[in-house]
């Protein structure tokens, strides 16, 4: 059994992700939802999820800033970044840059249909 944190500012998107996970995965204990990166940090500190799914562009704190802060705090939680295709180039460039600067061989970027999915394993 594992816990998942969804960090997404769009309520319908967050609920859609929650429903998909609930309907397809049987080993989920809890699914927590935060509306921005700052709230995501608080929930991660409180619940220590096994997996975090996050959008990148959100108000208050973006997803990449949240991930950086979690890593600085020593969190090793697997993070999956999901973004809409309309912002695809922005995310690809920024994630590629971040991965290369850190020389992190665990970082992957996958393009799936109309979404960019980045996994920091």
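Considering the stretch 16-33 alone, what residues qualify as being in contact (Cβ under 8 Å) with a residue 12 or more places away in the chain and under 14 Å from residue 82 (Cβ atoms)? Of everything in the stretch 16-33, those that are in contact (Cβ under 8 Å) with a residue 12 or more places away in the chain and under 14 Å from residue 82 (Cβ atoms) turn out to be 17, 18, 21, 33. Condition (residue is surrounded by 13 or more Cβ atoms within 10 Å (Cβ to Cβ), touching a strand residue (DSSP E or B) at 6+ places or on another chain (Cβ under 6 Å), modelled with pLDDT under 85 and in a loop (DSSP other than H, G, I, E, B)) applied to the stretch 81-88: is it met by at least one residue? The answer is no; no qualifying residue exists.
Check whether at least one residue in the stretch 6-23 is assigned to a loop (DSSP other than H, G, I, E, B), farther than 17 Å from residue 75 by Cα, at pLDDT below 95 and within 11 Å of the chain's Cα centre (by Cα), and report yes or no. Among the residues of the stretch 6-23, at least one is assigned to a loop (DSSP other than H, G, I, E, B), farther than 17 Å from residue 75 by Cα, at pLDDT below 95 and within 11 Å of the chain's Cα centre (by Cα), which makes the answer yes. Of 95, 58, all but one fail to be within 13 Å of the chain's Cα centre (by Cα), modelled with pLDDT of 55 or more and farther than 19 Å from residue 4 by Cβ; the exception is 95.
The values are calculated or read from the model by the stated rules, or taken from the named source; none is laboratory data. All figures in this text were calculated on a predicted structure; none of them were measured in a lab. We place every Cβ from the backbone using ideal geometry, glycine too, and count neighbours over all the protein chains shown.
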